[in-house]
Amino acid sequence: MKSPSPVDPESPSSPDCKGGSSSKRRRLPWRMTMSLAYQSLGVVYGDLSTSPLYVYKAAFAEDIQHSETNEEILGVLSFVFWTLTLVPLLKYVCVVLRADDNGEGGTFALYSLLCRHARAALLPPGGGGGGGEPGDEDQFLDAGAAKKAAANGNALALSGRRGGGGAAAGVRRLLERHKVLQRVLLVLALVGTCMVIGDGVLTPAISVFSAVSGLELSMEKHQHKYVEVPIACFVLVCLFCLQHYGTHRVGFLFAPIVITWLLCISMIGVYNIVHWEPNVYRALSPYYMYKFLKKTQRGGWMSLGGILLCITGSEAMFADLGHFNQLSIQIAFTCMVYPSLILAYMGQAAYLCKHHIIESDYRIGFYVSVPEKIRWPVLAIAILAAVVGSQAVITGTFSMIKQCTALGCFPRVKIVHTSDKVHGQIYIPEINWILMILCLAITIGFRDTKHLGNASGLAVITVMLVTTCLMSLVIVLCWHKSIFLAFGFIIFFGTIEALYFSASLIKFREGAWVPIVLAFIFMAIMCIWHYGTIKKYEFDLQNKVSINWLLGLSPNLGIVRVRGIGLIHTELDSGIPAIFSHFVTNLPAFHQVLIFLCIKNVPIPHVSPEERFLVGRIGPKEYRIYRCIVRYGYHDVHKDDQEFEKELVCSVAEFIRSGAAAAADAAASSKPKNVCGGGAEESEKEEEERMSVIPSGSIRMMEEDGGAGAPSSEDTVGGSGSGRGSSRGGGGAREIMSPSLSPPPVVVAPRKRVRFVLPAASPRPDAGVREELQELMDAREAGMAFILGHSYVKAKSGSSFFRRLVINFCYDFLRRNSRGPNYAVTIPHASTLEVGMIYYV
């Protein structure tokens with residue numbers, strides 16, 4: 001077996017210059033593509049398909065005076081048609097969907113894609129990966145790229161990330177040199193994320209309330225207000241209470257509901273066109289937009305805030321890309337969603353052309369254009385479609401919170417995976433109840449579509465503006481296109497979206513303040529958490545001790561080595577953390593095998609199992625001290641503690657067996673020691689050079705229950721044993737087993753016997769490797785202890801009032817009310833040792 005090649009943790013490697021993975025870009029069979037297109041109708045397009053419920057009502061809400069002509073109605077229809085054509089169809093379907101990050105979409109996907117092509121990440125490695133080691137997130141290749149890298153001796157080409165000259169190189173240098181631009185990039189990503197979270201509050205409110213508003217046509221003028229709000233609140237409470245079951249349990253209902261709704265509104269649209277105004281197609285000419293603005297002037301411009309609601313849910317096409325593929329989403333939109341929505345809006349306009357003189361403004365809504373005989377069935381379908389659309393937005397909000405948590409930009413929360421097959425289907429209890437309370441408060445507080453529409457519109461258009469800005473950088477940095485093409489993209493789509501943004505922002509006092517306040521609150525939480533995490537990580541970097549300090553402990557303090565494996569979690573990938581030095585100086589003892597574990601969440605969706613573990617040795621071989629860096633993408637699922645322990649021990653065993661350890665020892669011995677200063681930095685640098693990627697699955701560890709009377713190793717293996725353990729060869733897999741324990745004089749709990757199963761074709765390990773593996777097995781049998789740091793972050797004396805407020809109160813409050821790390825939740829309390837320490841930052 002070929003030993004893993006030592007790698008530099010900072011060696012960049014991009015899977016694809018466009019950010020997509022090869023597995024996602026493989027052409028799927030047509031049957032599977034059509035199946036995904038069918039499923040996407042229920043997951044992606046629920047919100048977009050329910051927009052006809054409230055667009056016309058929001059557009060004509062007091063901003064446009066009704067007249068006897070049809071110019072206003074045709075002008076609104078023209079704006080709706082061209083907005084749907086240019087933004088969802090042209091921008092998202094044709095352009096943005098191609099900018100996936102290993103098959104994943106969304107605001108953070110664009111941000112991580114840009115950070116991988118330019119060293120612009122500001123996230124700390126322990127909480128988010130990439131901050132201290134730019135390019136660390138780029139080490140992960142797909143299977144094809146990994147084989148190619150192995151064939152080239154792991155000399156990874158920089159063309160994927162550093163490729164492209166001229167404009168791309170200039171923009172990259174600009175981003176890498178100026179921290180201000182890197183902060184602006186991160187703030188853009190966070191603003192887009194906060195607005196998506198705000199949309200998760202507003203979309204369920206406006207969708208459900210607009211669906212329930214159909215009751216107003218069958219009631220008296222003022223009575224419907226006393227019925228709509230309680231029914232809408234009841235539906236919303238039921239919606240959020242059902243979230244813990246997961247979307248997969250009712251997923252088979254989603255697509256049929258949305259398809260039924262789309263067919264329903266398209267047939268109603270065709271009926272209204274034929275019956276009321278067959279010439280309504282004239283509004284498809286852009287000339288009617290000019291006539292509309294010329295006649296209505298300021299009122300028409302303000303009505304754009306309601307018109308833009310026709311594209312709510314467009315961002316879901318990109319955000320939910322990870323569950324489908326590009327072609328399936330494109331087919332579903334172009335063949336089903338887009339034609340149905342155009343027919344629905346044309347049908348409403350055709351009806352209003354013959355009924356534009358209406359006394360009551362609320363009768364401008366969708367249900368007035370529905371024939372009276374089918375109004376109640378349509379109302380029921382609309383409520384179900386609104387629930388489906390809200391479900392998709394809420395699930396998207398959960399996914400966005402999970403990404404922010406994985407990247408160190410949001411306090412840790414409980415994440416429950418509701419599906420064994422689809423890892424993207426998650427449930428976050430705390431966020432779910434917060435969304436429900438905010439949604440109910442907004443519904444009860446506003447009680448009308450106008451204010452809800454103003455609030456939702458501003459959230460939607462802000463996310464689209466952020467996507468346009470980030471996409472213009474992707475075109476240059478990742479796709480290596482002309483900078484003029486990027487300028488054309490941002491000018492064309494940015495002008496359209498800026499026009500709608502200004503129309504929404506002008507209604508700040510009429511509901512548009514809600515997404516701004518929500519975004520400000522979530523942004524403050526993210527920035528405070530990010531700031532505190534950065535300061536904590538910087539303290540670790542500044543106060544870490546050198547490896548030479550650890551090697552010189554025994555003669556100075558009389559360090560005692562006890563049986564077992566000591567697992568020390570640290571956010572550093574080099575050096576010794578201050579928390580361990582604090583522990584050892586107060587209790588001079590640690591385990592016979594010591595592993596410094598660094599879990600890094602990197603800003604890419606998935607890390608392949610073959611590249612998850614990075615293992616190295618600290619100090620001489622006799623010390624039995626290792627470092628293991630475990631890397632997770634923001635969509636990866638963390639395994640439970642037992643499975644993780646096995647994989648961790650197996651990765652160390654494979655490091656010892658494969659020859660990587662011997663190569664590391666040879667490299668260490670060949671390096672001249674620096675005795676003239678700077679020894680700590682040199683040692684840490686040498687250690688990083690000795691880290692090796694260890695593919696999982698090469699060595700399997702088997703644990704068997706063995707009591708006091710367990711048989712000897714020779715009896716168990718059935719072959720000749722030597723020394724403290726024995727091995728079994730032959731045609732099958734080779735095994736290295738630990739000896740049985742001598743029966744103690746007192747009755748003790750049964751202990752597990754550990755054995756490593758080596759690959760069948762692997763050569764027989766030499767005596768030194770067998771001895772090291774034997775000691776690892778003995779330590780595993782004795783048990784594993786988890787040494788966790790419990791740090792208290794405080795502002796330094798003499799700090800400014802603002803820093804003391806942020807660190808001592810805000811960050812401390814978030815830390816105390818957030819969940820511990822995932823690895824700390826599943827660790828048995830009997831095996832945990834917490835070390836407290838105060839960090840003065």
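Results, tabulated for the structure shown:
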read-out: Loop-located GluC sites (Glu not before Pro) in region 282-391 whose Cβ has at most 13 other Cβ within 10 Å (DSSP); value: 359
read-out: Rough spin-label spacing in nm, given labels placed 7 Å along Cα→Cβ, for residue 31 and residue 700; value: 3.3
read-out: For residue 41, net neighbour charge (Lys/Arg +1, Asp/Glu -1) across residues whose Cβ lies under 15 Å away; value: -2
read-out: Where 612, 173 fall by accessible area, highest first, once all protein chains stay in place (1.4 Å); value: 173, 612
read-out: Accessible area, probe 1.4 Å, largest first, for residues 479, 276, 529; value: 276, 479, 529
read-out: Amide proton proximity set for residue 794, modelled H, under 5 Å, gap of 5+; value: 839, 840, 841
read-out: Estimated FRET transfer efficiency (residue 180, residue 430; beta-carbon r; R0 41 Å; 0.05); value: 0.75
read-out: Simple spin-label estimate for residue 354 and residue 295 in nanometres, 7 Å along Cα-Cβ; value: 2.0
read-out: Potential lengthening between residue 284 and residue 270 on full extension [0.36 nm per residue; Cα-Cα distance subtracted]; value: 3.5 nm
read-out: Charge sum, other residues only, whose C-beta stays under 10 Å from residue 199's C-beta, Lys/Arg counted +1 and Asp/Glu -1; value: -2
read-out: Low-density loop cleavage sites - trypsin sites (Lys or Arg not before Pro) in region 473-524, where at most 11 other Cβ are within 10 Å (DSSP); value: none
read-out: Residues of region 575-595 with amide N under 19 Å of the 7 Å Cα→Cβ point at residue 831; value: 590-595
read-out: Residue 492-residue 814 pseudo-label distance in nm [points 7 Å out on the Cα-to-Cβ vector]; value: 3.9
read-out: Gain upon complete extension [residue 38, residue 481; 0.36 nm per residue less C-alpha separation]; value: 156.1 nm
read-out: In Hz, Karplus ³J(HN,Hα) per residue of region 386-403 (6.51, -1.76, 1.60; θ = phi - 60°; x = Gly, Pro); value: 5, 5, 4, x, 5, 4, 5, 5, 5, 4, x, 5, 4, 5, 5, 5, 4, 4
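The values are calculated or read from the model by the stated rules, or taken from the named source; none is laboratory data. These numbers come from a predicted model, not from an experiment. Virtual Cβ from ideal backbone geometry, glycine too; neighbours counted across all protein chains shown. We work out accessible area using only protein heavy atoms, side chains counted, and drop any ligands, DNA or RNA first. Shrake-Rupley method; radii C 1.70, N 1.55, O 1.52, S 1.80 Å.
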